[in-house]
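Structure, as structure tokens:
The values are calculated or read from the model by the stated rules, or taken from the named source; none is laboratory data. These numbers come from a predicted model, not from an experiment. Cβ: placed from backbone, ideal geometry, glycine included. Neighbour counts: every protein chain shown. Note: areas computed on protein heavy atoms with side chains; ligands, DNA, RNA excluded. Shrake-Rupley method; radii C 1.70, N 1.55, O 1.52, S 1.80 Å.
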Amino acid sequence: MKALIAGAGIGGLTTALFLHRAGIDVEIFESAKEVRELGVGINMLPHAVGLLTELGLIDDLDAAGIRTRELIYANRFGQVVWHELRGIDAGLPAPQFSIHRGKLLGLIHRAVVERMGPGVIRTDVG
Ligand SMILES: Cc1cc2nc3c(=O)[nH]c(=O)nc-3n(C[C@H](O)[C@H](O)[C@H](O)COP(=O)(O)OP(=O)(O)OC[C@H]3O[C@@H](n4cnc5c(N)ncnc54)[C@H](O)[C@@H]3O)c2cc1C
């Protein structure tokens, strides 16, 4: 069996890593001319970090992002409206990460290429 994945974004590439781990052959089709590390800073919640940890990517996440200890909402005078601990500091089994989307995509993309070879992603199609 071979799985065909449309889109080499965070979702498509992560799906490819899990299918590969399960022994299923994959081919990924990406409409862009190349996989580029684009985006803004995002927060990756612990349940998602737990899945990437299962894939052996926690060291790469630590190298590319920052473990988020606390979420704080403040008004324009700097007065705290709400705050709560996050990730491991909140007692969860996995950390939360503040990370640039492009760097996150880049580390998942590198894992796909290292584990499955560059030919697994076909760009400029779709
Ligand atoms: C400003 C902003 C802030 C965000 N902040 C957060 C956050 O803090 N935390 C969080 O978890 N999420 C956040 N998100 C959402 C997160 O970025 C998305 O949920 C995530 O990128 C979705 O991954 P994806 O793989 O589904 O889509 P994408 O990463 O968008 O990838 C889709 C890929 O499919 C390709 N494609 C599209 N159509 C086709 C086709 N027909 N054929 C082939 N390829 C195709 C595209 O070129 C693209 O490469 C944010 C999003 C934005 C815009």
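Listing for the model above:
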item	result
Close pairs from the stretch 22-48: first among the β-branched types (Val, Ile, Thr) and at pLDDT 95 or above, partner surrounded by 14 or more Cβ atoms within 10 Å (Cβ to Cβ) and assigned to a loop (DSSP other than H, G, I, E, B), Cβ under 8 Å, at least 6 apart	Ile28/Gly7; Ile28/Ala8
Residue check, His83 assigned to a strand (DSSP E or B) and modelled with pLDDT of 95 or more	yes
Subset of the stretch 68-126 (residues that are without any contact (Cβ under 8 Å) to a residue 12 or more places away in the chain, of a type in the set (A, V, I, L, M, F, W, C) and within 28 Å of Lys33 (Cα to Cα))	Val113
Test: residue in the stretch 73-81 that is charged (D, E, K, R), over 19 Å from Ala111 (Cβ atoms) and surrounded by 14 or more Cβ atoms within 10 Å (Cβ to Cβ)	no
Members of the stretch 12-52 that are assigned to a helix (DSSP H, G or I) and within 22 Å of Asp62 (Cβ to Cβ)	Leu13, Thr14, Leu17, Phe18, Arg21, Pro46, His47, Ala48, Val49, Gly50, Leu51, Leu52
Within the stretch 82-94, tally of residues that are aliphatic (A, V, I, L, M) and open to solvent by less than 60 Å² (accessible area, probe 1.4 Å)	2
Test: residue in the stretch 95-106 that is of a type in the set (Ser, Thr, Tyr), closer than 22 Å to Ala8 by Cα and either touching a strand residue (DSSP E or B) at 6+ places or on another chain (Cβ under 7 Å) or open to solvent by 90 Å² or more (accessible area, probe 1.4 Å) (or both)	yes
Test set (1) within 12 Å of the ligand (Cβ to nearest atom); (2) among the hydrophobic types (A, V, I, L, M, F, W, C); (3) not in a helix (DSSP H, G or I) - Ile72 fails condition number	(1)
Test: Ala32 is surrounded by 15 or more Cβ atoms within 10 Å (Cβ to Cβ), of a type in the set (Gly, Ala, Ser) and within 13 Å of the ligand (Cβ to nearest atom)	no
Meets criteria (under 19 Å from Phe97 (Cα atoms) and either within 6 Å of the ligand (Cβ to nearest atom) or not small (Gly, Ala, Ser) (or both)) for Gly11	yes
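One line per residue, one yes/no per condition, for (1) closer than 21 Å to Pro95 by Cα; (2) surrounded by fewer than 18 Cβ atoms within 10 Å (Cβ to Cβ); (3) near the ligand (Cβ under 7 Å from one of its atoms); (4) of a type in the set (Gly, Ala, Ser):
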position	(1), (2), (3), (4)
Leu4	no, yes, no, no
Arg21	no, yes, no, no
Ala48	yes, yes, yes, yes
Leu52	yes, no, no, no
Leu57	yes, no, no, no
Thr68	yes, no, no, no
